[in-house]
Structure formats: C-alpha cells, structure tokens
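Scroll down for the structure; my scribbles are underneath it.
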Amino acid sequence: MGRKLGWIGLGVMGRSMAGHLLAAGNELTVFTRTRSSAAALIARGARWAESPRACAEGQDVVFSMVGLPADVAEIHLGGSGTLSARTPASLIVDMTTSSPTLARELASQGKSRGVAFMDAPVSGGDVGAREARLSIMVGGETAAVEQVQPLLSLMGQTIVHHGAAGCGQHAKVCNQILVAANMIGMSEAYAYAEAAGLEGAKVQQSVAGGAAGSWTVNNLLPRVLRGDFEPGFAVAHFLKDLDIALSEAKSMGLRLEGIALAERAYRLLSESGSSRKGTQVLAELLRHERGWPDHLVTVMSSRDQPSPSATA
C-alpha cells in the first residue's frame, strides 16, 4: 500500500519527480503557486491543496522543491507553511538547492514540532528528473534518511547521506562549483572550436569519451550546437546557487575565483534578458564576445602579489 505524500513546487524538475512518486502507487497531494502546473498530475489522480499547510496536513512525508531560499522559508515557516498544520507530516524533505544555514534552521524548527526535516538537493537536470536518474545529496538524522530512502530511490540512482542537517546543501554547493567550472570549460572550448573552423559536433564526438568528457559536454554541448537554449536548468536558478556558494565560501574564509567569474557572467546574462534561458547560454556569450568581456575578467590587485621584500 502506498504512502500519503505531499509535494510542494512543480517546476521543470519537480513535475517529473512528483510524477514518479504518484506512479509508484502513493497517494499524492500537491501545491504550487500556479495551479495549471499541477493539471497533468491532478489528471493522473493527485489531489490539489490550497496552501503548503493543507498540503502537509496528515501526510506521512512532504517534499518541497521551489526556487529560492526565501521561498523555502515561506512555505515551511510562514503563516500558511507546513509547520503550521494541525497535524503536520512527521517527515519533511526539502529538495530545493538552498542555504545550509536555512537547512539547519528548518531542522531546528521542525524538531520543536516533532517533525524530522531533511535537506536533499539534487543534480541531474531535467533529463535526470524525467528518467529518475538524479543524484540526491542528503542531510539529516539517520533514522529519517532510512525512512525516506525507498521514496528517494524512485527519483534518483545515487543517494548519499552526507551527515547532519545542512550537509546535503554543502554537498550541492560542491556540485555547483564543479558545474560552474565545467560550464566555463565547455563554453571556452566551443568558442575556440568555432574560431578555429572546426565542426562542433565532431569536436564533441572526439572529447566526450575521453578525459574531457562530462555530463556538461554530453548533455549541454549538443543543445548549444543545435541552438537550443531552453532551460533544463535556468540561469536565474544557477545564479542563486552561485550566490549561495560564494556566501558559504566567504564564511569559511575561502576565496574561489572560478565561481566568482561564473557568477559575474551569469549575472550579466540575467541582466541582459537571459534569466529564463538554460545555463548553456553562457556558450553563446563567449561565442559572440569572442571570449570573456573585459569587465568580467578577474584582475588580481597588487596586494595579492608577493612584494619584492617578501621574496628576497
């Protein structure tokens, strides 16, 4: 017999993920800001809730996957949030890429209401969500993780428990740092190949199976080559992730210039009207600019260089 589940947030990935839970025979109640986004799931048997509170009422487990950390806080801690339900779910799993600090706060607030809160952000994009091949990075108490593992397995193939609340979000920051580096590398290689007069598809064929192969090269470069910049993962959302990464790095005393450059590039893309495009649109920026625009390039100041006396 299936479990009683709630799902909040039905974006590009969330619709597919919630659909896998429904297809497995679970009772599913959904809430999202735009009801039309839930139409297909409702047609398949999901119930509609008028608020996050209603979505959480009497459920076994509630999942959320929304846009920004502020959205996460509102749907769980707000006046109509999940934790305001008379009988909230005993377990809430936030799959949004959000702040580790907020994840710890949610776990603390949940504990005061007898609710186990887990952070479980994902990687794999729209394709991974559709095909239930996501990588899921989990933070939370071991007992709660074991309880929800069968449900996570319906959505992903790689599920790793990284530690206490917030650790899943820290792992996702690591993921996004690597994604940023891969996006930069793919975009520069594309710009170089075109300038050299090479056929992009042949370059992709050559490098995809070697040491330079990556998810980005295998999945996003083909989209770039056919001029497809629709979002599997939108610029606006990636920019949010990079902001979180830079903030967390700063709090640890880390200086990460690679993601700082990526953040400036994606901010430029967002401000120029590409916020809803897929992250692969970075390749078009470098192609048209024939490299990085001057004002995006990091220039190391003299204070970062060793003085003559220091090296004498």
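A compact table of results
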| read-out | value |
| --- | --- |
| Of residues in region 250-273 being small (G, A, S) and in contact (Cβ under 8 Å) with a residue 12 or more places away in the chain, the one farthest from V179 (Cα to Cα) | S270 |
| Flag if S251 is of a type outside the set (K, R), loosely packed, with under 10 Cβ neighbours inside 10 Å, more than 25 Å from G200 (Cα to Cα) and at pLDDT below 95 | no |
| Which numbered condition L151 fails, given (1) touching a helix residue (DSSP H, G or I) at 6+ places or on another chain (Cβ under 9 Å); (2) assigned to a loop (DSSP other than H, G, I, E, B); (3) not hydroxyl-bearing (S, T, Y) | (2) |
| Verdict on G232 being within 17 Å of G128 (Cβ to Cβ) and assigned by TED's automatic domain parsing to the domain that holds N26 | no |
| Set G166, G79, G125: member being small (G, A, S) and free of Cβ contacts under 8 Å to residues at least 60 places away in the same chain | G79 |
| Among (1) at positive phi; (2) more than 20 Å from the chain's Cα centre (by Cα); (3) surrounded by 23 or more Cβ atoms within 10 Å (Cβ to Cβ); (4) among the small types (G, A, S) - the single one G110 does not satisfy | (1) |
| Residue tally, condition of a type in the set (A, V, I, L, M, F, W, C) and part of a helix (DSSP H, G or I), over region 134-148 | 4 |
| Residue within region 195-208 that is in contact (Cβ under 8 Å) with a residue 24 or more places away in the chain and either part of a loop (DSSP other than H, G, I, E, B) or crowded, with 21+ Cβ neighbours inside 10 Å (or both) present | no |
| Any pair with Cβ under 9 angstrom, 6 or more apart, that starts in region 13-32 at a residue that is among the acidic types (D, E) and ends at one that is crowded, with 21+ Cβ neighbours inside 10 Å and modelled with pLDDT of 95 or more | E27/L5; E27/A46; E27/Q59 |
| Single residue of A46, A18, A24 found to be over 18 Å from G78 (Cβ atoms), surrounded by fewer than 19 Cβ atoms within 10 Å (Cβ to Cβ) and not basic (K, R) | A24 |
| The listed residue being among the acidic types (D, E) and within 23 Å of H20 (Cα to Cα), out of E146, E188, E194 | E146 |
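Here's the yes/no breakdown for (1) within 22 Å of C174 (Cα to Cα); (2) of a type in the set (S, T, Y); (3) part of a strand (DSSP E or B):
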{"site": "A39", "(1), (2), (3)": "no, no, no"}
{"site": "F63", "(1), (2), (3)": "no, no, yes"}
{"site": "A70", "(1), (2), (3)": "yes, no, no"}
{"site": "S80", "(1), (2), (3)": "no, yes, no"}
{"site": "R86", "(1), (2), (3)": "no, no, no"}
{"site": "A89", "(1), (2), (3)": "no, no, no"}
{"site": "L102", "(1), (2), (3)": "yes, no, no"}
{"site": "A132", "(1), (2), (3)": "yes, no, no"}
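The values are calculated or read from the model by the stated rules, or taken from the named source; none is laboratory data. Small disclaimer: the values here were computed from a predicted structure and weren't measured. Note that we place each Cβ from the backbone using ideal geometry, even for glycine, and neighbour counts take in every protein chain shown.
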